[in-house]
Structures are given as structure tokens and as C-alpha cells.
Amino acid sequence: AVSYAGQRQSVGIATGKVRPGAPLRFSVNLRPDVGTGQSYLFDGVMAEGADITGQLKGRPARSREGTGDAELDLRPLSLRADVKANFDRVELDKIEIAPDGAADAGNLLTGAAQIRLGSQIGLDTQLKAAKLDLDGMMGARARQSFYNGEAFSLLSSLLFNLPDGFTSRFSLAVTSLVLGGESVDGFSISGEAAQDKLKITRMEASMPGQT
């Protein structure tokens, strides 16, 4: 078991038959030991002199001891992405993030991400969605925390605890955004983040029917 995001996780690793000179197929499974959270499964292929390639999938998970209430907290999310990795970077392509369940299938985020490795670690993400109903993705307790400003305290804590030298660039574009009971068209935001620092470089939006 390992500790990830302050929670004990069970790790499972399986490999296919090892043949000299042939690509090696393997899988890595990460899931919470106790409580609720996300489980992740990576199915990959590793060959000498080539990048590791495969597919990453994430689903809501609950241990036998786990309890949780989606009506209070964030709705469970599912994730999938194609992965290509080497010692310098990890590339995630064809990312799909959506609430777990067909009822919320309209809330689909797609895009790509790049993780920069080495002496300075970085994360660049580019996501977009035709529709994003944040109210529908949050339970009652999560909505109350967000509108009471607790989300800003959480964000501040997250930025403060980023590793030294870590940098991130991000962008999000949403055709129709629902937040606080209001609809916003053409929402887009981009920015940069580092330890204890967040810079918004661009943000645009308009109310429905306005130009």
C-alpha cells in the first residue's frame, strides 16, 4: 500500500509473459484502502527504445469500510485518456472527464495534458466542453462550501503546498456554463500557477443572448 493525497491506497501490478526483445504488456491498479475516492487503472505497453503507451481509466471507488454521500459532496467522476510517456514527459491525449452515470452525460470535459518531468516538474492542461453544469456536479455541502468562499481557502492551500519549482499552465473553454443558477455563454479562462501564486491571463464570458 502507498499514501496518495493523504489516503492509503492499494496498488496492484500485473504483467504479461516476458519474451526477450518483445514489448511487455502490464497494468497498474490504484484504489483506496479505506473510504471513498477514485480508482485508477493503467493498461500499457513497454518496449525497448520506445515510449510507454497505454490507456488510463479512473472510476469512483469505495472500500468495504467506505461511506459517502454524493448528494452532499462532489458527484463521482469517470476519466479516460490515452497515455504516452518517457523519462522527460507524460502526454495525456483524448482526455474525457464526466460525472459517473448516463444521467449527466452532457457534462463532458475533453482535452489534453502534458506533465513535464526532470529537475522542474510542470503540468499543462487544455480542456473544453460544450456544456458544463457545475451546480449539477456538486452536492449540497460542496455547493455551500463553494459559495461561502471555502473553495478559495482550499485553492490557496493547494498552491502553497506545490513543490518548489513546479509550474502549471491551464486553459478551459466552455460553450455553456451553469454556475450559481445562472447560465453563461462562451466562457473561457487561461492562466498560470506556481507555488503560492496564481495568475489569470485571460477570462471571457457573456450572458445568454448578449454579444
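The values are calculated or read from the model by the stated rules, or taken from the named source; none is laboratory data. A quick note: this is a predicted structure, and the numbers were derived from the prediction, not measured. We place every Cβ from the backbone using ideal geometry, glycine too, and count neighbours over all the protein chains shown. For accessibility, only protein heavy atoms count, side chains too; no ligands or nucleic acids. Shrake-Rupley method; radii C 1.70, N 1.55, O 1.52, S 1.80 Å.
Taken over the range 29-61, the criterion of being of a type in the set (S, T, N, Q) and either at pLDDT below 85 or closer than 14 Å to Ala85 by Cβ (or both) is satisfied by Thr36, Gln38, Thr53, Gln55. Within the range 162-210, the only residue that satisfies the criterion of being over 21 Å from Leu132 (Cβ atoms), among the polar types (S, T, N, Q) and over 18 Å from the mean Cα position of the chain (by Cα) is Gln195.
For the range 108-164, a residue qualifies if it is under 19 Å from Arg89 (Cβ atoms), out of contact with any Asp or Glu (no Cβ under 7 Å at 6 or more places or on another chain), surrounded by 14 or more Cβ atoms within 10 Å (Cβ to Cβ) and in contact (Cβ under 8 Å) with a residue 24 or more places away in the chain, and the qualifying residues are Ile115, Arg116, Ile121, Gly122, Leu123, Asp124, Thr125, Gln126, Leu127, Leu162. Restrict the check to the range 193-202 and report whether at least one residue is part of a helix (DSSP H, G or I), in contact (Cβ under 8 Å) with a residue 24 or more places away in the chain, farther than 29 Å from Leu56 by Cα and not small (Gly, Ala, Ser). No, every residue in the range 193-202 fails to be part of a helix (DSSP H, G or I), in contact (Cβ under 8 Å) with a residue 24 or more places away in the chain, farther than 29 Å from Leu56 by Cα and not small (Gly, Ala, Ser). Considering Arg75, Arg64, the condition of being at pLDDT below 95 and open to solvent by 80 Å² or more (accessible area, probe 1.4 Å) is satisfied by Arg64 alone.
Scan the range 2-21 for residues that are open to solvent by less than 60 Å² (accessible area, probe 1.4 Å) and at pLDDT below 90 and report the count.
The number of residues fulfilling the criteria is 3.
Within the range 183-211, the set of residues being open to solvent by 60 Å² or more (accessible area, probe 1.4 Å), modelled with pLDDT of 90 or more and among the hydroxyl-bearing types (Ser, Thr, Tyr) comprises Thr201 only.
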